[in-house]
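**Student:** Let me give you the structure first, and then I'll get to my questions.
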Amino acid sequence: MDVRVANVRKEFDRFPALHDVSLDIRSGELIALLGPSGSGKTTLLRLIAGLETPTRGAIYFGDEDASHRTIQERNVGFVFQHYALFRHMTVADNIGFGLKVRPGATRPPKVEIRKRARELLDLVQLSGLEDRYPAQLSGGQRQRVALARAMAIEPKVLLLDEPFGALDAQVRRELRRWLRDIHDATGHTTVFVTHDQEEALELADRVVVMSQGRIEQVGTADEVYDTPNSPFVYGFIGDSSSVPVKIEAGQVWIDERPIGLSVPAASNGDATLYFRPHDVELLDGCSGCIAGTVVASRRVAGTRRVELEFGGHQQRVEIELPVEHPAAQKSRVAFRPRRWKIFPQEA
Amino acid sequence: MNTAPADAGWRFRVPSVIPGFGLTLGFSLAYLTLIILIPLSGLVWRSAALGWTDFWAIAMDRRTVKALEISFGTAIIAAAVNVVFGTIVAWVLVRYRFPGRRIIDAMVDLPFALPTAVAGIALTSLYAPRGWIGSLLEPLGIKVAYSPLGIVVALIFIGLPFVVRTVQPIIEEIDKEVEEAAATLGASRFQTITRVLFPGLAPAIVTGFALAFARGVGEYGSVIFIAGNLPYVSEIAPLLIVIRLEEYDYAAATAIATIMLALSFVMLLVINLIQAWSRKRYG
Ligand SMILES: Nc1ncnc2c1ncn2[C@@H]1O[C@H](COP(=O)(O)OP(=O)(O)OP(=O)(O)O)[C@@H](O)[C@H]1O
Ligand SMILES: [Mg+2]
């Protein structure tokens, strides 16, 4: 089922949590909503589920405006961040709940429901736990029960709010791979919210980067990482370094010196240069480069991160050097970003 | 009694890391002994002096049996009514915002605070055949004051806050997401309430029932004004005890009291066991 979010605005007591958000989700896609805390990820997810109504704009399921449908009719599976399992029901009853509350005509018989619950438990690798109560499960197990419960109703769209938020790194990685497998096996259109960019980039077909109630960029992992379209995305996804620069005569300048990068001549004025700390070219001489002295250096896994101080205003910038690079404290290093982007200074 | 640890097994719970288990348990036992156990065993002791046949004769006396029936019957009915309407009141107070909510919230506690005799007199004047409400009911052939129905009305009044105040905090604690989860799974509002929310409230409702019931069985002050106190019809057991005392028939008074005690204890114990059982399952 395609889901289309069209120019949706959501206010809570005049406070805009989402400004004019549009998003097309294709059938069968696995989409990640990524963004800092308070950026509106949960709000967007809840709007799709029908748990909130948009202040303006509409959400379409296929060609149909979903605002005319109640939550019950939307047939979405929603997995809450804190699972929201039914405490007084066994695992099997939790999973079977969505089938049990169906109106008489479409309700499968009891044995059928029980059988379906057992199949789903197999799918989420919890076979044999059907008679436990949620209080008797670990966090990761509850998470999987919540997912099985949401999938029991054969939803057209599966929505997960920080599905792995409360779990440790090891379990997260495991569940991540497993969610991908389940998605591939069932083909649900899936949207999940996460704080964790690694999770988003690794798992999703497309990543939706959000900030302050707006969608900053939508794209595959490669697109958002390699060609970020805003300073925010550059800074939020992966490591980045930035330097204030000036654009003049088709060149990028730092302190009245060109650094050897050319840009379209039209964009004169103050700007900021963004690049990845590891994506730099080290130079010997310096006619058109950024050169500075090492003021700090630390070892990060397979590389060395150094902080350079340069220019008359003692600006600092971080780059990565190979571990065997001889640069030590106070030594001079010259470089030029290999891949970079200029964003004009915000007004 | 209802806040006691609810482990039905015949073993101590493994003491938690919170220190002072021995000390607090010792203190609790000593305190309960002093405040509850010694006075009550005095009661049993007095009636034991009566001898089995005399005791049995008093217990089986038609007036005693009838008074006990009325006391327990009206208390159960009133507690049941309170469970239904008390839960609704608690729900409304927690879930809806409307002008005057705080005032209603405060009003719920009035039956706690009001001297019961005042309540009894007020209710009697309302429900008496010439009272505001009584005069409306009279043509319909419904007689409230001076009948068992009047006792039920008084006990409903007295017991309401027990249900509201035990259920209210639990409704406040209901996780909004649980309701939303039920809705996304296709449950109607009604199904959500009956299948998801209500079972979660059940332990609190049972507690509220137990408290309202216990209060109702022992209630004296408000009931004697509205009941009319006709033997065999609207005479409650506590009143019968007082009557026996006034006749200097201490043996009969203590015997009736002992029977009340035993019945109440058994009922409360059963309620507690139900609670323990449900808590064990749902954690
Ligand atoms: N029910 C509400 N009433 C008022 N404001 C709300 C409500 N829900 C969310 N907000 C506000 O809307 C903004 C977006 O909230 P949202 O929960 O969507 O953020 P989020 O991206 O999910 O954050 P997190 O990663 O911390 O969960 C926040 O500023 C929040 O304070
Ligand atoms: Mg959130």
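Bear in mind that the values in this text are calculations on the coordinates, not laboratory data. Just so it is clear, the structure is predicted and the values come from calculations on it, not from any experiment. Heads up, the Cβs are rebuilt from the backbone with ideal geometry, glycines too, and the neighbour counts pull from every protein chain shown.
**Student:** How crowded by other chains is A:80-92, given as the mean number of beta carbons from other chains within 10 Å of each beta carbon?
**Tutor:** Working: counts 7, 1, 3, 4, 9, 4, 10, 8, 11, 5, 1, 0, 0.
Across A:80-92, the average partner-chain Cβ count within 10 Å equals 5.
**Student:** Mind listing the long-range amide H neighbours of A:VAL245? Cut-off is under 5 Å, sequence gap 5 or more, other chains count too, H placed in the peptide plane at 1.01 Å from N.
**Tutor:** HN-HN under 5 Å from A:VAL245: A:ALA271, A:THR272, A:LEU273.
**Student:** Could I have the simple spin-label model distance between B:ILE38 and A:HIS278, label points 7 Å from Cα toward Cβ, reported in nm to one decimal?
**Tutor:** 7.8 nm
**Student:** Within the set of other residues whose C-beta is less than 12 Å from the C-beta of B:ILE193, count the net charge using Lys and Arg as +1 and Asp and Glu as -1.
**Tutor:** Numbers: positive: B:ARG95, B:ARG189, B:ARG195; negative: B:GLU179.
With Lys, Arg at +1 and Asp, Glu at -1, the neighbours total +2.
**Student:** Something else about it: If I stretch the segment between A:GLN125 and A:GLU112 completely, what's the gain in nm (0.36 nm per residue apart, minus their alpha carbon distance), one decimal? If you can, show how the numbers build up before the last one.
**Tutor:** Working: separation 13, 0.36 × 13 = 4.68 nm, distance 1.97 nm.
Stretched fully, the A:GLN125-A:GLU112 segment lengthens by 2.7 nm.
**Student:** Evaluate the distance, in nm, between pseudo-label points positioned 7 Å from the Cα of B:ALA262 and of A:HIS195 along their respective Cα→Cβ axes.
**Tutor:** 6.2 nm
**Student:** A further question follows. Given a Förster radius of 41 Å and the C-beta distance between A:TRP253 and A:ALA301 as r, what FRET efficiency does 1/(1 + (r/R0)^6) yield to the nearest 0.05? Kindly include the intermediate steps, with their values, before the conclusion.
**Tutor:** On the way: r = 34 Å, r/R0 = 0.83.
The value I calculate is 0.75.
**Student:** Okay, moving on. From the helices alone, meaning DSSP H stretches of at least four residues, give me the mean residue ellipticity at 222 nm for the protein assembly as shown, per-run term -39500 (n - 2.57), in deg cm²/dmol to the nearest 500. List each step's numbers first, then the result.
**Tutor:** Details: 23 runs with 289 residues, N = 630.
That calculation yields -14500 deg cm²/dmol at 222 nm.
**Student:** Using 0.36 nm per residue, how much length does the chain from B:GLU172 to B:GLU247 gain when fully extended, once their Cα-Cα distance is taken away? Spell out each step's value before the answer.
**Tutor:** On the way: separation 75, 0.36 × 75 = 27.00 nm, distance 5.08 nm.
Length difference between fully extended and current span is 21.9 nm.
**Student:** Given R₀ = 51 Å, FRET efficiency for B:TYR220-A:GLN136 by Cβ-Cβ distance, to 0.05? Intermediate values should be presented prior to the final figure.
**Tutor:** Details: r = 46 Å, r/R0 = 0.91.
Efficiency, from the Cβ-Cβ distance: 0.65.
**Student:** Can you tally the net charge around A:ILE319? Count Lys and Arg as +1, Asp and Glu as -1, for every other residue whose Cβ sits under 15 Å from the Cβ of A:ILE319. Walk me through the numbers on the way to the answer.
**Tutor:** Numbers: positive: A:ARG276, A:ARG298, A:ARG299, A:ARG304, A:ARG305, A:ARG316, A:ARG332, A:ARG336, A:ARG338, A:ARG339; negative: A:ASP239, A:ASP279, A:GLU281, A:GLU307, A:GLU309, A:GLU318, A:GLU320.
That sum, taken over residues with Cβ under 15 Å, equals +3.
**Student:** Can you give the local net charge around A:LEU126? Use residues other than it whose beta-carbon is closer than 13 angstrom to its beta-carbon, Lys and Arg +1, Asp and Glu -1. Mind dumping the intermediate values first?
**Tutor:** Numbers: positive: A:ARG118, A:ARG132, A:ARG142, A:ARG144, A:ARG149; negative: A:GLU119, A:ASP122, A:GLU130, A:ASP131.
Charge balance in the 13 Å sphere: +1.
**Student:** Enumerate the calculated ³J(HN,Hα) couplings along segment B:239-249 in order (Karplus 6.51 cos²θ - 1.76 cosθ + 1.60, θ = phi - 60°), each rounded to whole Hz, writing x wherever the residue is Gly or Pro.
**Tutor:** Result, ordered by residue: 5, 4, 4, 4, 4, 4, 5, 5, 8, 6, 8 Hz.
**Student:** Sticking with this structure for a sec: Using modelled amide H (1.01 Å from N, peptide plane; none on Pro or chain starts), what sits under 5 Å from the amide H of A:ALA17, excluding residues fewer than 5 places away?
**Tutor:** So A:ALA17 has HN proximity to A:LYS10, A:GLU11, A:PHE12.
**Student:** Assign one of three labels to segment B:21-126, namely rounded, prolate or oblate, based on the Cα gyration tensor with a ≥ b ≥ c the square roots of its eigenvalues; rounded applies when a/c is under 1.5, prolate when it is not and a/b is larger than b/c, and oblate otherwise. Present the calculation step by step, with values, prior to reporting the outcome.
**Tutor:** Values: a/c = 2.72, a/b = 1.47, b/c = 1.85.
It is oblate, given that a/c is not under 1.5 and a/b is not larger than b/c.
**Student:** Provide the descending list of Cα extents for the protein assembly as shown along its principal axes, expressed in whole angstroms.
**Tutor:** Cα extents, longest axis first: 119, 59, 50 Å.
**Student:** Is there a pair in A:LYS41/B:LYS176; A:LYS156/B:LYS176; A:LYS110/B:LYS176 whose C-alpha atoms are over 22 Å apart, and which pairs would that be? Mind dumping the intermediate values first?
**Tutor:** Numbers: A:LYS41/B:LYS176 18 Å; A:LYS156/B:LYS176 24 Å; A:LYS110/B:LYS176 28 Å.
Correct reply: A:LYS156/B:LYS176; A:LYS110/B:LYS176.
**Student:** Normalising by the residue count of chain B, find the relative contact order in percent from Cα pairs under 8 Å and 6+ residues apart. Mind dumping the intermediate values first?
**Tutor:** On the way: 310 pairs, mean separation 87.7, N = 283.
Worked out over chain B, it gives 31 percent.
**Student:** I'd like to compare A:296-303, A:43-50, B:87-94: which one has the highest average count of other Cβ atoms within 10 Å, and what's the full order after that? Each step should come with its number before you reach the end.
**Tutor:** On the way: A:296-303: 11.0, A:43-50: 23.0, B:87-94: 18.6.
In descending order of packing, they fall as A:43-50, B:87-94, A:296-303.
**Student:** Right, next: Classify chain B as rounded, prolate or oblate from the Cα gyration tensor: take a ≥ b ≥ c as the square roots of its eigenvalues, call it rounded if a/c is under 1.5, otherwise prolate when a/b beats b/c and oblate if not.
**Tutor:** On the way: a/c = 2.19, a/b = 1.17, b/c = 1.87.
It is oblate, given that a/c is not under 1.5 and a/b is not larger than b/c.
**Student:** Under a point spin-label approximation (7 Å from Cα along Cα-to-Cβ), what is the A:PHE12-A:HIS313 distance to one decimal in nm?
**Tutor:** According to this spin-label approximation, the distance is 3.8 nm.
**Student:** Assuming R0 = 30 Å, can you tell me the calculated FRET efficiency for the pair B:LEU110 and A:GLU73, based on Cβ-Cβ distance, to the nearest 0.05? Walk me through the numbers before you get to the answer.
**Tutor:** Values: r = 45 Å, r/R0 = 1.50.
After rounding, the FRET efficiency stands at 0.10.
**Student:** If you don't mind, another one. When only C-alpha pairs under 8 Å and at least 6 residues apart count, what is the relative contact order of segment A:214-346, in percent?
**Tutor:** Numbers: 266 pairs, mean separation 31.8, N = 133.
In percent, rounded to a whole number, it is 24.
**Student:** For a quick check, take a GNM of chain B with Cα springs below 10 Å and name the residue from B:LEU114, B:LEU140, B:LEU263 with the largest mean-square fluctuation.
**Tutor:** Fluctuation is largest for B:LEU140.
**Student:** Can you give the charge dipole size of chain A about its Cα centre, rounded to the nearest 20 debye, using +1 on the beta carbon of Lys and Arg and -1 on the beta carbon of Asp and Glu? Each step should come with its number before you reach the end.
**Tutor:** Details: 45 positive and 47 negative charges, 219 e Å.
With Lys and Arg at +1 and Asp and Glu at -1, about 1060 debye.
**Student:** While we're here: Okay, which of segment B:195-220 sit inside 19 Å, backbone N to the point 7 Å along the Cα-Cβ direction of B:ARG279?
**Tutor:** B:199-214
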